[in-house]
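K.L.:
A single structure is presented below for examination.
The values are calculated or read from the model by the stated rules, or taken from the named source; none is laboratory data. All figures in this text were calculated on a predicted structure; none of them were measured in a lab. For neighbour counting, all protein chains shown are included, and Cβ atoms are generated from backbone atoms with ideal geometry for every residue, glycine included. Calculation scope for accessible area: heavy atoms of the full protein, side chains included, ligands and nucleic acids excluded. Shrake-Rupley method; radii C 1.70, N 1.55, O 1.52, S 1.80 Å.
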Number of protein chains: 2
Amino acid sequence: MWRERPTVALVITPRARLIDLQGASVNDLLDHLRTAVGDAHVLTDGADVAAYVVDWTGVHAGQALAVVRPGSTSEVAAVVTACRAAGASVVPQGGNTGLVGGGVPDATGTQVVLSLGRMRTVREVDPVAGTITVDAGVVLADVQDAAAQAGRLFPMSLGSEGSCTIGGNLATNAGGTAVLRYGMTRELVLGLEVVLPDGRIWDGLRGLRKDNTGYDLTQLFVGSEGTLGIITGAVLRLFPATPRHATAWVAVADVAAAVALLGLAQQHAGAHLSTFEIANRQALELVLAHLPGASDPLAEPSDWYVLVELAGAQTDDGLDDALEAILTAAVEADLAADAAIAGSPAQRTALWALREGISEAQKVEGATLKHDVTLPINRLADWVAEIGPKMAATLEGVRPVTYGHVGDGNLHYNLSAPVGGDDDLRTAAADLSTAIYDSVAAGNGSISAEHGLGRTKAAAGASYKSAVEVDLMRAVKRALDPDGLMNPGVLLPLVGQS
Amino acid sequence: MWRERPTVALVITPRARLIDLQGASVNDLLDHLRTAVGDAHVLTDGADVAAYVVDWTGVHAGQALAVVRPGSTSEVAAVVTACRAAGASVVPQGGNTGLVGGGVPDATGTQVVLSLGRMRTVREVDPVAGTITVDAGVVLADVQDAAAQAGRLFPMSLGSEGSCTIGGNLATNAGGTAVLRYGMTRELVLGLEVVLPDGRIWDGLRGLRKDNTGYDLTQLFVGSEGTLGIITGAVLRLFPATPRHATAWVAVADVAAAVALLGLAQQHAGAHLSTFEIANRQALELVLAHLPGASDPLAEPSDWYVLVELAGAQTDDGLDDALEAILTAAVEADLAADAAIAGSPAQRTALWALREGISEAQKVEGATLKHDVTLPINRLADWVAEIGPKMAATLEGVRPVTYGHVGDGNLHYNLSAPVGGDDDLRTAAADLSTAIYDSVAAGNGSISAEHGLGRTKAAAGASYKSAVEVDLMRAVKRALDPDGLMNPGVLLPLVGQS
């Protein structure tokens, strides 16, 4: 069971002045919004709004008073000002690829969805300074491309990179497959532009790596999930390009072997080690079943697999040798049974597709219950060994689809329903998640490694924190958003909810 | 001139209830403090207090009601609670090596200095997880040593590492000579323990690299200079040890050549490049004059020098070759005139002493006016070329002692008085600093790269920021420290000051 919700000293309640949805105040607000962004960019028709009120998982669905699509930072400010005057709360949305209901409205139909999707300008690329300045609505893959065109690397990489936006990545402090080498989103950002809850614009678009002139406001907004303001622009760090890769799909017996292999890889490849991902056989089988063209690269099935990649500059000639040394050492140490090494860019893409396709394949398979946990890496293997039987005891036939960023101690411990048992999974969901979160908390882990808390996990997040920590977070929230109109109920539970 | 101070919407004024310093309330407070930490650790005698009320520069001197030396986190909490009850403000102090008056009391004699100096326990070293957990009062060199004994590296390195404390490093987000490779202090910390202004303890001592469960409170406290709470413990990141080094002292013509040499060094050494420091001839001459045993490693004088170092694991055999390749390419490109390569650990130490000795040598030489600025690195050379004549025009004979972390765009642009003209420097100080800060601000730089704002630069810091940004910082301050009792006047100016 979650621990009892801590006493809350500071109360945030969104002002709910929009009592009569058919009333004059709503029409006034819509008029103001149309003036701010143009009629074409205020959506209220059900069909137009539909794609903005349900998230990627399909689990989190709400209603919106309107969806507003501003085209500039000043238009965002005008929208926020209008909503504030009307007492309407605002739900910022990027590519709507979140997994915890953080970017979709609640069920009241009183919230305004503010989509950053029209703000897609790459403002500046400075390869010498190693920075790129972008609008919040630029799709992650477009940030990567703009960096590549300047001969640089923007390293963040996610399965959803073709549709998620950099603003959403920043708001959620996104992770992905390059965290091991380059860190989370917060380590890739130098400065932000933010529309504050009072409609003012904070211009913090500085590209300096050293600037000790006050509180780190940038890091406060990163990961705040739209609850403190709306990120409209960012200065991001660029890195030297890594056009050369050495990539392998490795069969390992268990998580303990994967963790030991990580140690070998770090020893042999040092800073060149850029990816170290894990997947269990169940995850691979779903991909093989549902991803067109996917095939098992190894002759024999294995309980677990690791995707390992080294990356380097054009002048780094030793990547293939280093990978071979890692694999040789792994076989000698009985850590790996077999491995497929990518011999061409196409083969590399095929190996990556096995890893990147898991989430989509699991969705196609049926009902899914997602968990995104971190454990201290030296406890990871024991945790996986212990949690499996607990899951089976709670719901017979439940299928753990376990994969993720083992190099960071981060697993997506997702459960697929027993075959034909989607409803059974839904019934058992709370018990399954509670068992997982309790064991993660007991092991000094995190119940949300990289997806954030959103609406789904806000109460759980608070329940596993101390009263002091929740109070601190509420104090920060109240200081920046005293009216509680920025994405209420996300990240922190509304008072009275649990 | 600094820009006009922005309008301040949120007012912080420290409660000043300690009106009569001889009164009963003071005696009550001292009694409570003695109960909290023991009689021996509440210092009020002038001689005992002296070392705690003047900072390293000698410029910032104040008076203290008392100096309190708690021995544990709970004692820190008790001291803060007692001070809060009495309305006394608290000035946290680590090794008292700050340069901007952030750790010494003001002149009123009403403040309590809370020294962390007795909290020196290394709580845990976990080489597998790559973490070390320490009390705030552990001296930086002792953190480095504890990591080294576990076969790991804690990379932060400063001239004052033998006496500064990790708590002070965290509170000021310290920089140093390893930022180029490993980042500022905020990039080296995973979790904190903090005594809050209300006396409660926030236990955020988590060692996870991925934990997206709310606002990043850790990063909020890092760099807050004791104004939001008192850091009492921290979980820090450890890195693979780098026992091998290749080090050179290189003569370059100017800052532009140094920046170009940096590009070459990055190209040839990649992730092995760990240090890239600059110093002008004036800086070296002061060291040669005042540091016993120092000698010029090169036959001919040069206007500027670079200290470059590559560092690697025991297995990294190519460091010497890479350094030679850098220097060969530099000579071919006319970027370097000469270089001395350290052929032994003793020679390496001697080269480092030339760099690390500058600050002390300049202090011995006489009156010094310090500036710690960042410029975008591609503007650095022009800035140095332009600011010199402005300084000379303001004060004839003033001697720029310019050195610092050129790889980070960060220069310590310090001025020594004209020979025999200490008083002249003091008279011209405001004009000189204003000219420097104005030109830095105009060039999108920072007026404090790594030293923080402290008491000295709080007003200047606010004057170069937008009203929105100052309001945000004041909102954060008020949220966490509503009574304004934590290090008031540091980082943010008191209202009415400028």
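K.L.:
Find the percent of Cα-Cα distances in segment B:122-240 that exceed 17 Å, and round it to a whole number.
P.N.:
Counting pairs separated by more than 17 Å, the tail of P(r) holds 51 percent.
K.L.:
Whole angstrom only: what separates the Cα centroid of segment B:162-177 from the Cα centroid of segment A:70-123?
P.N.:
Value for the Cα centre distance between the two parts: 40 Å.
K.L.:
Further question: Give the Debye-formula value of log10 I(q)/I(0) at each listed q (0.26 Å⁻¹), with one equal scatterer per alpha carbon of segment A:360-442, two decimals each.
P.N.:
Relative scattering, expressed as log10 I(q)/I(0), comes to -1.34.
K.L.:
Pairs of Cα atoms under 8 Å, at least six residues apart: use those to get the relative contact order of chain A, whole percent.
P.N.:
Relative CO of chain A lands at 18 percent.
K.L.:
From the label point of B:GLY109, set 7 Å along Cα to the beta carbon, how far off in nm is each other copy's matching point, shortest first?
P.N.:
7.0
K.L.:
Right, here's the next one. Compute the orientation-averaged projected area for segment B:346-398 from the convex hull of its Cα atoms and round it to one decimal in nm².
P.N.:
Here the figure is 5.3 nm², rounded to one decimal.
K.L.:
Report the calculated FRET efficiency for A:ASP320 and B:ASP321 (r = Cβ-Cβ distance, R0 = 25 Å), to the nearest 0.05.
P.N.:
0.75
K.L.:
Taking the Cα centroid of segment A:263-342 and of segment B:348-420, what is the distance between the two, rounded to the nearest whole Å?
P.N.:
50
K.L.:
Now for a separate question. Give me the extension gain from A:GLN267 to A:ASN378: residue separation times 0.36 nm, minus the current Cα-Cα distance, reported in nm with one decimal. Don't jump to the answer; show the numbers that get you there.
P.N.:
On the way: separation 111, 0.36 × 111 = 39.96 nm, distance 1.69 nm.
In short, 38.3 nm is gained.
K.L.:
At a probe radius of 1.4 Å, what is the per-residue accessible area of A:THR213, in Å² to the nearest 10?
P.N.:
10
K.L.:
Whose amide H sits under 5 Å from the amide H of B:ALA339, counting only residues 5 or more places off or on another chain, with H placed in the peptide plane?
P.N.:
B:ALA251
K.L.:
A follow-up question, please. Taking a quarter of the surface of the convex hull around the Cα atoms of chain B, what do you get in nm²?
P.N.:
23.3
K.L.:
State, to one decimal in nm, how far the label point of A:ASP126 lies from the label point of B:ASP338, with both points 7 Å from Cα in the Cβ direction.
P.N.:
Those two pseudo-labels are separated by 3.6 nm.
K.L.:
Determine how large the accessible area of B:ILE201 is when every protein chain is in place; take a 1.4 Å probe and give Å² rounded to the nearest 10.
P.N.:
70
K.L.:
Here's a follow-up. Report, to the nearest whole %, how much of the accessible area of the protein assembly as shown belongs to carbon and sulfur atoms, 1.4 Å probe, protein only.
P.N.:
Heavy-atom surface of the protein assembly as shown belonging to carbon and sulfur, 1.4 Å probe: 51 percent.
K.L.:
Between copies, how far apart are the A:ALA353 label points? List them in nm, one decimal, shortest first, with each point 7 Å from Cα toward Cβ, please?
P.N.:
6.4
K.L.:
Name the residues of segment B:173-221 whose accessible area, probed at 1.4 Å, falls by at least 40 Å² once all protein chains are in place instead of their chain on its own?
P.N.:
Buried on complex formation: B:ARG186, B:ARG200, B:TRP202, B:LEU208, B:LYS210, B:ASN212, B:THR213, B:GLY214, B:TYR215, B:ASP216, B:LEU217, B:LEU220.
K.L.:
What 222 nm value per residue comes from the helices of chain B, counting each DSSP H run with n ≥ 4 as -39,500 (n - 2.57) and dividing by all residues, nearest 500 deg cm²/dmol?
P.N.:
On the way: 16 runs with 177 residues, N = 498.
Here the helix-only value at 222 nm equals -11000 deg cm²/dmol.
K.L.:
List the DSSP H helices in chain A whose Cα atoms stretch 18 Å or more along the helix axis and whose mean Kyte-Doolittle hydropathy is at least 0.5.
P.N.:
Helices meeting the criterion: A:73-86, A:255-269, A:319-332, A:467-480.
K.L.:
First select every other residue whose beta carbon is under 9 angstrom from the beta carbon of A:LEU415; then total the charges, Lys and Arg +1, Asp and Glu -1.
P.N.:
Combined, the nearby Lys, Arg, Asp and Glu give +2.
K.L.:
Then there is this: Taking every pair of Cα atoms in the protein assembly as shown, average 1/r, invert it to obtain the Kirkwood radius, and report Rg/Rh to two decimals.
P.N.:
Using Cα coordinates only, the ratio equals 0.96.
K.L.:
Same structure again: In square angstrom, what is the accessible area per residue of chain A with a 1.4 angstrom probe?
P.N.:
37
K.L.:
Roughly how big is the B-A contact, given as buried accessible area in Å² (both sides, 1.4 Å probe, nearest 100)?
P.N.:
The contact between A and B buries close to 4900 Å².
K.L.:
Could I ask something else about it? Any idea what the B:ARG478 label distances to the other copies are, label 7 Å down the Cα→Cβ vector, nm, shortest first?
P.N.:
Here B:ARG478 shows inter-copy label distances of 1.3 nm.
K.L.:
Students often get this wrong, so check it: of A:LYS370/B:LYS210; A:LYS210/B:LYS457; B:LYS457/B:LYS477; A:LYS210/A:LYS465, which have C-alpha atoms separated by over 20 Å? Could you put the intermediate results ahead of the total?
P.N.:
Values: A:LYS370/B:LYS210 17 Å; A:LYS210/B:LYS457 16 Å; B:LYS457/B:LYS477 17 Å; A:LYS210/A:LYS465 32 Å.
Over 20 Å Cα-Cα: A:LYS210/A:LYS465.
K.L.:
Now, a different point. What Rg and what Dmax come out for segment B:244-355 when only alpha-carbon atoms are used, in angstroms?
P.N.:
Spelled out, the Cα radius of gyration and Dmax of segment B:244-355 are 13.3, 40 Å.
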